[in-house]
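Written out below as structure tokens is the structure these notes cover.
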Amino acid sequence: MLQVAYIRENKETVLKGLAKRNLKNADELVEKTITADEERRSIQTQLDSILAESNKISKDIGQLFKSGERQKAEILKQKTVQLKEQSKILTENLQNKANELQELLYLIPNIPNEIVPAGSSEEDNLTVFEEGKVPVLYQGALPHWELAKKYDIIDFELGNKITGAGFPVYKGKGAKLQRALINYFLDKNSEAGYNEVQVPHLVNEASGIGTGQLPDKEGQMYHDAQDNLYLIPTAEVPVTNIFRDVILKEDEFPILKTAYTPCFRREAGSYGAHVRGLNRLHQFDKVEIVRVEHPTKSYEALDSMVNHVKEILRELNLPYRILRLCGGDIGFTSALTYDFEVFSTAQDRWLEISSVSNFETFQANRLKLRFKNSDGKTELAHTLNGSSLALPRVMAGLLENCQTPEGIKIPEVLVKYCGFEIIN
RNA sequence: GGAGAAAUGGCAGAGUGGUCGAAUGCGGCAGUCUUGAAAACUGUUGAGGGUCACACCUCCGGGGGUUCGAAUCCCUCUUUCUCCGCCA
């Protein structure tokens, strides 16, 4: 959520940024917001002066009672009746206007960074880096869902029976490989200075709002209506919300956290060939990295996160590329996002396996995540996060790219985590 | 699940209807002293709104109520602690 004061004072910048996102009715939205803000402040001022007056009278009454002048006190009491009426009405108006303003602010996405390319869809994303050799596979190489069946390591039908589509069961070496990857990712993240945490997999409404899933992506999360809790779509939500309503000291920066969690996504409206096998699931595992940074250091941090993910992919020996998302494809809350994609030879397509973003103050404003700066003023911090990494597509990429006629060769770095070198 | 107690500023902890945004201590920051540091002393130190700046307004777990006036009284929710029971 952008700060109203920022919108008020930087209207042109905001409009320009929203234009890059191809946001329809941006002008109207911004105008309405500014008007609602003005009205809110005007009502607030009126209310404040009425409250000031009645506070004063109350104090006077106190004095009069003390000095025994009950008669005079009774007269003053009469005066407050009218003030009370007025303040009641104004309080109600203020509440309504504040809600209206809040609703409007929820509709305005983050302002993209200068270097975010213009564009309307994923076609316009900019490839900024590419690395790794695409292996030449043997005749008869299979997509991962065939491999999963052949070696009996992932069972989609069984998951379908237990729960439904998109909830696979990992079996035998498949389960072990999955666990190996999780441990490997966590270890890599820890080595890089990320502090490991285990967090709840269900979150409350305030947390969903804090990181921006609510109210924007309400329908994407599984919701337990009985207790009003949401299954997390990513560890970003519980981990970042560690810092909700927190005022940090400046020397507490930088903050680096990593967590492994399952992720739950309803993925309403996603069907077709591209969601086969592991490509799109309702439940999947992910290791996430989250950072809270000083505003002057957040882009440096973003680069460091990108480099960190690069190193992991290098070690896994996977061919990948990095995209800078364009204005039309970048997430609602993000100012700059880099997507990592692994090339799947057997599917002949790129699979998104990581998304690394800087949210600047957008989340921090919702979270009320601030720090005391060197002038002693409170200032919003910057938040960032990225996947390091999402399991299923890494798994898909590994299975497909590492397949040989003899079986699936486990990358060197994973062998000590798996305890085996080949799936056959 | 049953019984009881509690929730106040970074922390500890006072405050049971007016002069309380809140004593005191610790911590933090600044200064004096010192070659420097420690100690001691002095000052300062919550958040949000509002203003050019003041004024002013709101906030004592959340919500509601009583009252001219609520940290203080009432209702309700949440959370924590203690004891008992049950269970991993």
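The values are calculated or read from the model by the stated rules, or taken from the named source; none is laboratory data. Note that this is a predicted model, so its numbers are computed, not measured. Here the Cβ positions follow ideal geometry from the backbone for every residue, glycine too, while neighbour counts run over all protein chains shown. We work out accessible area using only protein heavy atoms, side chains counted, and drop any ligands, DNA or RNA first. Shrake-Rupley method; radii C 1.70, N 1.55, O 1.52, S 1.80 Å.
Here is a yes/no grid of residues against (1) touching a Pro at 6+ places or on another chain (Cβ under 9 Å); (2) closer than 23 Å to A:Phe284 by Cα; (3) open to solvent by 10 Å² or more (accessible area, probe 1.4 Å):
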position: A:Leu313; (1), (2), (3): yes, yes, no
position: A:Asn317; (1), (2), (3): yes, yes, yes
position: A:Tyr320; (1), (2), (3): no, yes, no
position: A:Gly327; (1), (2), (3): yes, no, no
position: A:Phe332; (1), (2), (3): yes, yes, yes
position: A:Tyr338; (1), (2), (3): no, yes, yes
position: A:Ser344; (1), (2), (3): yes, yes, no
position: A:Asp348; (1), (2), (3): no, yes, yes
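The condition of being in contact with a Lys or Arg (Cβ under 9 Å, 6 or more places away or on another chain), more than 25 Å from A:Leu278 (Cα to Cα) and of a type in the set (D, E, K, R) does not hold for A:Lys377.
For region A:242-260, filtered to residues that are closer than 15 Å to A:Thr211 by Cβ and within 16 Å of RNA strand B (Cβ to nearest atom), the residue that is least open to solvent (accessible area, probe 1.4 Å) is A:Phe243.
Looking only at residues of region A:66-98 that are in contact with a helix residue (DSSP H, G or I) (Cβ under 6 Å, 6 or more places away or on another chain) and more than 10 Å from RNA strand B (Cβ to nearest atom), we find that the one that is most open to solvent (accessible area, probe 1.4 Å) is A:Lys72. Taken together, A:Gln63, A:Gln44 contain a single residue that is at pLDDT below 85, near RNA strand B (Cβ under 10 Å from one of its atoms) and among the polar types (S, T, N, Q), which is A:Gln63. Residues satisfying the criterion are absent from region A:107-120 (criterion: within 11 Å of RNA strand B (Cβ to nearest atom) and not assigned by TED's automatic domain parsing to the domain that holds A:Phe359). Residues that are within 13 Å of RNA strand B (Cβ to nearest atom), open to solvent by 20 Å² or more (accessible area, probe 1.4 Å) and in contact (Cβ under 8 Å) with a residue 24 or more places away in the chain within region A:1-18 comprise A:Met1, A:Gln3, A:Val4, A:Arg8, listed in sequence order.
For region A:114-130, does any single residue satisfy the condition of being crowded, with 17+ Cβ neighbours inside 10 Å, under 29 Å from the mean Cα position of the chain (by Cα), farther than 30 Å from A:Lys32 by Cβ and touching a residue at least 40 places away in the same chain (Cβ under 8 Å)? Even if it seems obvious, please write down each step before you answer.
Step one: filter region A:114-130 for residues crowded, with 17+ Cβ neighbours inside 10 Å, giving A:116-117, A:119, A:125.
Checking which are under 29 Å from the mean Cα position of the chain (by Cα) leaves us with A:116-117, A:119, A:125.
Those still in the list that are farther than 30 Å from A:Lys32 by Cβ too: A:125.
Subset that is touching a residue at least 40 places away in the same chain (Cβ under 8 Å): A:125.
Yes, some residue in region A:114-130 is crowded, with 17+ Cβ neighbours inside 10 Å, under 29 Å from the mean Cα position of the chain (by Cα), farther than 30 Å from A:Lys32 by Cβ and touching a residue at least 40 places away in the same chain (Cβ under 8 Å).
Would you check which residues across region A:139-168 are buried (at least 17 other Cβ atoms within 10 Å of the Cβ) and assigned to a loop (DSSP other than H, G, I, E, B) and list them? Hits for region A:139-168 are A:Ala141, A:Pro143, A:Ile153, A:Gly166, A:Phe167, A:Pro168.
If you go through region A:368-424 and keep only what is farther than 21 Å from A:Ala192 by Cα, open to solvent by 40 Å² or more (accessible area, probe 1.4 Å) and among the hydroxyl-bearing types (Ser, Thr, Tyr), you end up with A:Ser374, A:Thr378. The set of residues in region A:30-39 that are more than 8 Å from RNA strand B (Cβ to nearest atom) and either open to solvent by 20 Å² or more (accessible area, probe 1.4 Å) or among the acidic types (Asp, Glu) (or both) comprises A:Glu31, A:Lys32, A:Ile34, A:Thr35, A:Glu38, A:Glu39. Failed condition for A:Gln213, given (1) outside any loop (DSSP other than H, G, I, E, B); (2) surrounded by 17 or more Cβ atoms within 10 Å (Cβ to Cβ), with all others met? It is condition (1) that A:Gln213 fails. Restricting attention to region A:141-169, the residues being on the phi > 0 side of the Ramachandran plot and either touching a residue at least 40 places away in the same chain (Cβ under 8 Å) or aliphatic (A, V, I, L, M) (or both) number 2. Has region A:48-55 got at least one residue that is part of a loop (DSSP other than H, G, I, E, B) and either more than 8 Å from RNA strand B (Cβ to nearest atom) or under 24 Å from A:Gln102 (Cα atoms) (or both)? Looking for residues that are part of a loop (DSSP other than H, G, I, E, B) and either more than 8 Å from RNA strand B (Cβ to nearest atom) or under 24 Å from A:Gln102 (Cα atoms) (or both), one finds none in region A:48-55, hence no. Annotation note: of A:Lys97, A:Lys133, the sole residue that is part of a loop (DSSP other than H, G, I, E, B) and either modelled with pLDDT under 85 or charged (D, E, K, R) (or both) is A:Lys133.
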